[in-house]
Amino acid sequence: MAQQNGPKGFLVVLPGEIIEIPQDDDKSWLTLFYSLPVELAEKWKPALTLPRSPYEVLRTDKYDPIIRHDMFKLLVWDCYSWTAWQFFQVKDRRGNYRDIPGDREQYAGHSPLWRLSYAIIPYLRMKFEQNGLSFQSLYNMPPGMEVPWLTYQQFSNLVGNLTDMVIAEQNWQPVIDAMWENRAVEDYDSRGSTVKKDFLRKWHHDRSGKAISLEELMESGGEFSQVADPRADFENSVLSQMQIDTFAAGHINDTDKEILKLRMEGYTEQEIADRVGYKTASAVHKRIAKIAGAYEDFVLSEYQQYLDRHDSK
């Protein structure tokens, strides 16, 4: 079996000689390439011209123009990064682990999780030496013996198991948790997507995904139900006047109700402070911000219940 020789490379023991494949050598990616399913390998057609018998590939420079091409490494890296991403686990709103929601293309290439999916590849390559197709096994193949193609499912199972092993051994789950919990708008692709809109609703405290303050809400018409929402079904079934009344009745006290009523009627924060007994306008401003936060939590809870009901159908 090939052994890792510190940070230098992979050792292969053959009769009368020991071969070292440096980790930065282009051929060091061959174990990962030979484990790709044909559905992924064909993404770069020249890669299919590499013979499935590795004997000549490893011992001559005949196929170096392909192996040393940047697209060869990019093919390997992209395929393993994309597959490892599918097995990253993040927490949902209830604290339960799940797959990263949405498609990977909906996230930005410079996001921490995207970059981690590439950073894990050298660790996967090391794991192949003990749990996959090692360099020792490739060199042990006689002339004419071919490496069979893995099926897509076999490849997925292999990378999934190795990804779980690396994350556990490197204690990366807390890192992934922190990346997910502290994600920003820039972590999503510039194009619109459902996962981005869901994030923006919480980021901007507004169901439409656009930045809006409670002040703007009051000035635009005075009713929560008038905030634009692209999900009309949700608005019709949840954000009815009855639901707004439910929020007011169960989540804010009489003083807060009076503050909202006066603000909707056009009173300034100082005028409201004078009427409800606060000493400063700043105190009213803080109360309005707290009400807005409570309403956001209320809407998110109702929205999640709506999704759960439809998912169960």
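Some points to look at:
- Verdict on Phe88 being touching a residue at least 24 places away in the same chain (Cβ under 8 Å), closer than 23 Å to Val185 by Cα, crowded, with 18+ Cβ neighbours inside 10 Å and in contact with a Leu (Cβ under 8 Å, 6 or more places away or on another chain): yes
- Within segment 171-188, the set of residues being over 15 Å from Ala84 (Cα atoms), out of contact with any Ser or Thr (no Cβ under 8 Å at 6 or more places or on another chain) and not in a helix (DSSP H, G or I) comprises Asn171, Asn182, Ala184.
- Residue ID - farthest from Arg93 (Cα to Cα), chosen from residues in segment 256-313 that are among the basic types (Lys, Arg) and at pLDDT below 75: Lys313
- Residue in segment 239-254 that is modelled with the highest pLDDT, counting only those that are exposed (fewer than 12 other Cβ atoms within 10 Å of the Cβ) and assigned to a helix (DSSP H, G or I): Asp254
- Within segment 145-164, tally of residues that are touching a Pro at 6+ places or on another chain (Cβ under 9 Å) and more than 15 Å from Val38 (Cα to Cα): 1
- Residue in segment 46-59 that is at pLDDT below 95, loosely packed, with under 14 Cβ neighbours inside 10 Å and either part of a loop (DSSP other than H, G, I, E, B) or not assigned by TED's automatic domain parsing to the domain that holds Leu158 (or both) present: no
- Filtering segment 134-152 to residues that are small (Gly, Ala, Ser), within 24 Å of Gln23 (Cα to Cα) and in a loop (DSSP other than H, G, I, E, B) leaves only Ser134.
- Any hit, segment 64-73, residues being touching a Phe, Trp or Tyr at 6+ places or on another chain (Cβ under 8 Å), surrounded by fewer than 18 Cβ atoms within 10 Å (Cβ to Cβ) and closer than 20 Å to Phe128 by Cα: yes
- Those residues of segment 88-102 which are part of a loop (DSSP other than H, G, I, E, B), at pLDDT below 95 and either among the hydroxyl-bearing types (Ser, Thr, Tyr) or in contact with a Ser or Thr (Cβ under 8 Å, 6 or more places away or on another chain) (or both), in sequence order: Gly102
- Look at segment 7-18: where a residue is in contact (Cβ under 8 Å) with a residue 60 or more places away in the chain and farther than 13 Å from Ser134 by Cβ, no partner that is assigned to a strand (DSSP E or B) and not small (Gly, Ala, Ser) sits 6+ places away or on another chain with Cβ atoms under 9 Å.
- Some residue of segment 110-118 being part of a loop (DSSP other than H, G, I, E, B) and out of contact with any Ser or Thr (no Cβ under 7 Å at 6 or more places or on another chain): yes
- Listed by first and then second residue, the pairs linking a residue in segment 138-155 that is in contact (Cβ under 8 Å) with a residue 40 or more places away in the chain and outside the structural domain of Leu11 (by TED's automatic domain parsing) to a residue that is part of a loop (DSSP other than H, G, I, E, B) and aliphatic (A, V, I, L, M), with Cβ atoms under 9 Å apart and 6 or more places separating them unless they lie on different chains, form an empty list.
- Residue within segment 111-128 that is buried (at least 16 other Cβ atoms within 10 Å of the Cβ), closer than 24 Å to Ile176 by Cα, touching a residue at least 60 places away in the same chain (Cβ under 8 Å) and among the small types (Gly, Ala, Ser) present: yes
- Lys73 being part of a loop (DSSP other than H, G, I, E, B) and either in contact with a helix residue (DSSP H, G or I) (Cβ under 8 Å, 6 or more places away or on another chain) or more than 18 Å from Phe155 (Cβ to Cβ) (or both): no
The values are calculated or read from the model by the stated rules, or taken from the named source; none is laboratory data. Just so it is clear, the model here is predicted, and its values are computed rather than measured. Backbone-built Cβ (ideal geometry, glycine too); neighbour counts: all protein chains shown.
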